[in-house]
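Heads up, the thing below is written out as C-alpha cells.
Read-outs throughout are calculated quantities, based only on the coordinates presented, and are distinct from any laboratory measurement. Everything numeric in this text was worked out from a predicted model, so none of it was measured. Don't worry about glycine lacking a Cβ; one is built from the backbone with ideal geometry, like all the others, and counts go over all protein chains shown.
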Amino acid sequence: MRNVPCLCALVLPAFFACTGPGDSGSTGDNSGDNSGDNGGDNGGGGDCGDFNGGVGSVLSYEYTDEYSQQNGVSGGFDVTFDSYDAATGAAVYTSTAETDTAQSTSTSTSVQNLECRSDGLYAISTTVDYVVNAGGQQFTGTTTTTYDPAALLQPLTLDVGSTWDSSFEGTTTDSMAGSQDFSFSQAAEVVAAESVTVPAGTYDSLKVTYSPSNGSPSNAWLAVGVGTVKTDASELVSVQ
C-alpha cells in the first residue's frame with residue numbers, strides 16, 4: 001500500500017481535510033474553536049497564523065454526498081491540534097480516519113509535524129499508521145513522509161488575491177511497499193471570499209485553489225480562527 005502526500009490546504013491542515021482514502025494527508029485541517037452561525041467571524045486566529053484554532057481543539061469532517069457518490073466511499077475523520085511550541089514554532093496535529101468502500105474498510109491515525117515560521121506554516125513530516133480489511137485479508141502498516149527541505153503550506157495571513165508557490169521534495173517510506181522519492185511544485189491562490197454553510201455552521205471563508213504540478217486543481221475554504229471548513233471532498237460537521 002503506497003500512500004502519496006496530499007497537499008491541499010493542509011491547513012491546516014487542510015492537509016488532513018483534503019485527503020481521500022489511502023492518502024497520507026494532513027491538515028490538513030486546522031482545528032478551530034467556533035461552531036454555529038458566523039463561525040468565521042471570531043475576529044482572529046489561533047496559534048501560528050490566522051487560519052487555525054487553539055491547542056486541544058478538535059475538528060470533525062465527513063466526505064460530502066457528492067464525493068461519496070462519485071467515488072463509492074463513505075466515512076470521515078477527526079483532526080486534533082495537539083501541541084504548539086511558540087519558542088521553536090513546532091506544531092503537531094493528529095488525524096484519525098475511517099473509510100468504507102464496496103471492496104474494503106480502513107482506519108488510520110496520522111501525525112503531522114509542522115513548523116511555524118515568520119513567513120508561513122511548513123510541513124516537516126507525516127506518519128500514518130493504517131489498517132485495511134479487503135478480500136478477507138487484513139493489512140497493517142506505517143507510512144512516513146519526510147519533506148527535505150521543509151515545504152511551505154501557506155502564509156500565516158491571507159486575503160483575496162494572495163498567491164504563493166511551494167516546492168515539495170522528500171521521501172515516503174511504507175512498511176509494506178518500501179521507499180519512494182517525490183518532487184513536485186504547487187501554486188496556490190485565494191480566488192474569492194465566500195460564505196460557506198456546512199453541517200457545523202455558516203462561516204465567512206476564503207476560497208483557495210491549489211494547482212499541483214503532478215495532479216488536478218483542488219479547492220479548500222478556510223475560515224479565520226477555524227481552518228478548513230470545506231474541501232472538494234469533505235466538510236466540517238462539528239468543532240470541539
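How compact is region 114-156 by the rule of thumb for globular proteins, expressed as Cα Rg over 2.2 N^0.38 Å?
Working: Rg = 15.6 Å, N = 43, 2.2 N^0.38 = 9.2 Å.
So region 114-156 has a normalised radius of gyration of 1.70.
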Label-point gap, in nm, between Ala187 and Thr146 - each point 7 angstrom along Cα→Cβ: 3.2 nm
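Sort the following peptides by mean Cβ neighbour count (other Cβ atoms within 10 Å, averaged over residues), highest first: 97-105, 167-175. Write out the running numbers ahead of the final one.
Values: 97-105: 14.8, 167-175: 16.7.
Peptide ranking by packing, descending: 167-175, 97-105.
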Extension gain (nm, one decimal) between Ser162 and Thr101, 0.36 nm per residue minus Cα-Cα: 18.2 nm
Arg117/Glu194 FRET efficiency (R0 45 Å; Cβ-Cβ; nearest 0.05): 0.95
